[in-house]
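Participant: Before we start, here is the structure in question, set down as C-alpha cells.
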Amino acid sequence: MKKEPVKVKEVPAQARIKDFSEVILGYSESEALQEAGRCLQCKNPTCISGCPVGIDIKRFIYHITQKDYKNAYLTIREKNNFPSICGRVCPAEYQCRKACVLTKKGSPYASEQAIWINFLERFAGDYGMNNNIPLPAEKQESFSKASVAVVGSGPAGLCCAGELGRLGAKVTIFESLHKTGGVLRYGIPPFRLPRSILDNEIESLQKSGVEIKANVIVGKTKLLKELQDEYSSVFLGLGAGVPGFLKIPGENLCNIYSANEFLTRVNLMSAYKFPEFHTPVSIGRHMIVIGGGNTAMDAARCALRLQVGRGFKPDTSILYRRTEAEMPARRLEIEHAKEEGINFQLLIQPVAFIGDENGFVKKLKCLKCQLAEPDASGRRRPVAIEGSEFEIDCDVAIIAVGLEANQVLTRATPEIKTDKYKDVIVDQQTMETSVKGVFAGGDIVGGEGTVIEAMGMAKKASVSIADYLKNK
Ligand code: FAD
Ligand code: SF4
C-alpha cells in the first residue's frame, strides 16, 4: 500500500501572523520515523544529485529508520556544517526533493509524494545540536601555527571558519555589522529561522576556538593588505548585500525602502520587538512589496505581521511583473505568504511612485503586463500593455528586485579581479582569487544564491586553503 507523506505541523495562519515565532514546527520522533520509512532506499538514489553539497541522503535517512539519530547527524555533517539551518531554509523543492525518484518526471519542482528530505535533515540536525554530538577530531599538528582571516560571517564565512578551525588553524572572522550571521540574521526572519538556532551554531564555533571581530569593515576600517600581513591566508565571504532599485520616478519619496533596509531594521535591529527595541520602521495601512523572490516573500510576511501588531487591518500586497509560475521564491514561502493573507498582484509593472504634499509616498502608478517569449533567464518576458495604466494606494513600499555585490573591499583592493557584475573572479577548482593566498566563496562569487551553495563553495575553498597552508 502506498504510504502517504507525513505532513509537517505548522502554526495556523491566523495565529502565526500575530508574532514572529517559528511557523514550521518540525517532525516529532514518530513522524520522522514514519516519513523516513517511506524512503525506498533506492539502488540509484537520484536525490543525492539534487543536493549542491552531495549529502548521502539515502544513508542518513537509513540511520533515522534505525533510530540511530547520532549517525544520521554525522552523515549529514560529512558534507553540511549547519543541518539545522539548511533543514529550515534550503529550497529543497528545487533541489534534493525535486531529484527524488518519487517526484513525477518533468515536474518543475518536487511532487508532494517526494520524501520530505529537508524536514528529516532538520530533525537529525536538531538532534545533533540539542545533544551536543561531537564530530570526529581532525586537528592536525601541521596547522597549529597557521592563521586564517575570514571576511564576512554569513553562511560562507561561518562554514569556512568551522572547517579550518577543525583542522587546528587559528581562525578570526571579521564582520562589518555588529552581529554575525549575514543574511541568516539580517534577512531571513525569525519565523523561518529562529535566532536560537543561529546563535547556537555560532556559539559552538566560538567554543571550538574561532574568534569573531564584529564592526570591522575590511576595505575601510582594516585593509586586506593588513590581513595578508597578519594571517597566513584570507577567505572572502562578502555576500551580495547591495540592493537593486526600480529606477522609476518618485523612488526616493519617504516610506520607500529597499527590502534589505526594511528587513535589517525588522530582523537585525529587532524593530518587530517594539517597544522593547526602539528601531524605527514605518508601518503603513497599504503596504506594497515589489518582487517575486525569497526576499519579497520575507519582506511581505514581516510587513503583514507588523500591521497586525499595530492593530491595522492586514493589507500587504506583492506586485510582480510575471505570473506565480515564474516567481523565483521557494514554493513553500509562496504558499505560506498566500495562507497568511498576502495579496498577490501579478502581471503588473510599477511605473512611478506618487507622493503627497509632504514628500511621503501615497500611490503607485502601474501598467498591466502580458507574457511574451522567454528572455535570457529562461523565464517568459513581461511586456507592458499600452493604455493599461492604473493606480493603487500605497503608503509604504518595499523594493525587492535583486541584490548585487558590495564593492567596499574590491574597490579598495583592485588587485582582486571582478567580473562585469562586480562579483569576485575565482579559479572554479580552488576558489582562489587573482591574489595568491586569498580565496573567496558564497554570493560574492555569483551562483544560485542559496545558503547551501554558499557553504559548498566555502567548504571547497577551505580544502584549497588547507593545501595552501601545508605548502606555504
Ligand atoms: P551573506 O549571507 O550576505 O554574508 C556576507 C557577510 O559579509 C555579511 O554579514 C556582511 O555584513 C559581511 N561583509 C560584507 N562586506 C564586508 C566587509 N568589507 N568587511 C567585513 N564584513 C563584510 N537562501 C536559501 O538557501 N534559502 C532561503 O530561504 C533564502 N532566503 C533568503 C532571504 C533573503 C531576504 C535574502 C536576502 C537571501 C535569501 N537567501 C536564501 C540567499 C542566501 O541567504 C544567500 O545566498 C547566503 O546568505 C549567501 O551567503 P554568504 O555568506 O555568501 O553572504
Ligand atoms: Fe530514493 Fe527519494 Fe529515498 Fe533518495 S530520498 S533514496 S531518491 S526514495
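Only the coordinates and a few stated rules stand behind these numbers; no lab work does. Everything numeric in this text was worked out from a predicted model, so none of it was measured. Positions of Cβ are backbone-derived with ideal geometry, glycine not excepted, and every protein chain shown enters the neighbour counts.
Participant: In the stretch 1-40, what trypsin sites (Lys or Arg not before Pro) fall in a loop by DSSP, with at most 13 other Cβ atoms inside 10 Å?
Facilitator: Lys2, Lys3, Lys7, Lys18
Participant: Now for a different question. What percent antiparallel are the DSSP beta bridges of the chain, to the nearest 5?
Facilitator: So the antiparallel bridges amount to about 40 percent of the total.
Participant: Going Cα to Cα from Lys420, which lysines come in below 21 Å? Please leave out same-chain ones fewer than 8 positions away.
Facilitator: Within the straight-line limit of under 21 Å, Lys420 reaches these lysines: Lys247.
Participant: Using θ = phi - 60° and the Karplus form 6.51 cos²θ - 1.76 cosθ + 1.60, what ³J(HN,Hα) does each residue of the stretch 168-176 get, whole Hz, x for Gly and Pro?
Facilitator: Taking θ as phi minus 60°, the curve returns x, 6, 8, 10, 10, 9, 10, 10, 6 Hz for the stretch 168-176.
Participant: Would you calculate, for the chain, the mean residue ellipticity at 222 nm contributed by helices, counting each DSSP H stretch of 4 or more residues as -39,500 (n - 2.57) and dividing by all residues, to the nearest 500?
Facilitator: -9000 deg cm²/dmol
Participant: Rounded to two decimals, what is the ratio between the C-alpha radius of gyration of the stretch 1-139 and 2.2 N^0.38 Å?
Facilitator: 1.04
Participant: Same structure, new question: Would you please calculate the Kirkwood hydrodynamic radius of the stretch 284-424 over all C-alpha pairs and express it in Å, rounded to one decimal?
Facilitator: Hydrodynamic radius (Kirkwood, Cα only) of the stretch 284-424 equals 16.7 Å.
Participant: If you keep only loop residues by DSSP, which trypsin sites (Lys or Arg not before Pro) in the stretch 238-276 have at most 16 other Cβ atoms within 10 Å of their Cβ?
Facilitator: Lys247
Participant: To continue, here is another question. For the chain, with the dipole built from +1 on Lys and Arg beta-carbon atoms and -1 on Asp and Glu ones, taken about the Cα centre, which of Leu184, Phe274, Pro91 lies farthest toward the positive end?
Facilitator: Among Leu184, Phe274, Pro91, the one farthest towards the positive end of the dipole of the chain is Pro91.
Participant: Restricting to lysines 8 or more places apart or on different chains, can you count the pairs in the stretch 9-130 with Cα atoms under 23 Å from each other?
Facilitator: So the count works out to 18.
Participant: Nearest 5 percent is fine: what portion of the DSSP beta bridges confined to the stretch 243-402 is antiparallel?
Facilitator: DSSP beta bridges in the stretch 243-402 are roughly 50 percent antiparallel.
Participant: How big is the dipole moment of the stretch 243-402 about its Cα centre under a simple scheme where the beta carbon of each Lys and Arg is +1, that of each Asp and Glu is -1, and everything else is neutral? Debye, nearest 20, please.
Facilitator: Once rounded to the nearest 20, the dipole reads 200 debye.
Participant: Using DSSP to define loop residues, name the GluC sites (Glu not before Pro) in the stretch 332-402 whose beta-carbon has at most 16 other beta-carbon atoms within 10 Å.
Facilitator: Passing sites in the stretch 332-402 are Glu357, Glu386, Glu389.
Participant: Long-range amide H contacts for Ile348: which residues qualify at under 5 Å (H placed 1.01 Å from N, peptide plane, sequence gap of 5 or more or a different chain)?
Facilitator: The list, which skips near neighbours in sequence, is Tyr320, Arg321, Arg322, Cys369.
Participant: If the only charges are +1 at each Lys and Arg Cβ and -1 at each Asp and Glu Cβ, what is the size of the charge dipole of the chain around the Cα centre, to the nearest 20 debye?
Facilitator: Here the size comes out at about 680 debye.
Participant: If you don't mind, another one. Just name one of Tyr127, Ile61, Cys47: the one whose Cα is farthest towards the positive end of the charge dipole of the stretch 9-130 (beta-carbon charges, Lys/Arg +1, Asp/Glu -1).
Facilitator: Checking the options against the dipole of the stretch 9-130, the answer is Cys47.
Participant: Please report, in debye to the nearest 20, how large the charge dipole of the stretch 348-472 is about its Cα centre when each Lys and Arg carries +1 at its beta carbon and each Asp and Glu carries -1 there.
Facilitator: 540 debye
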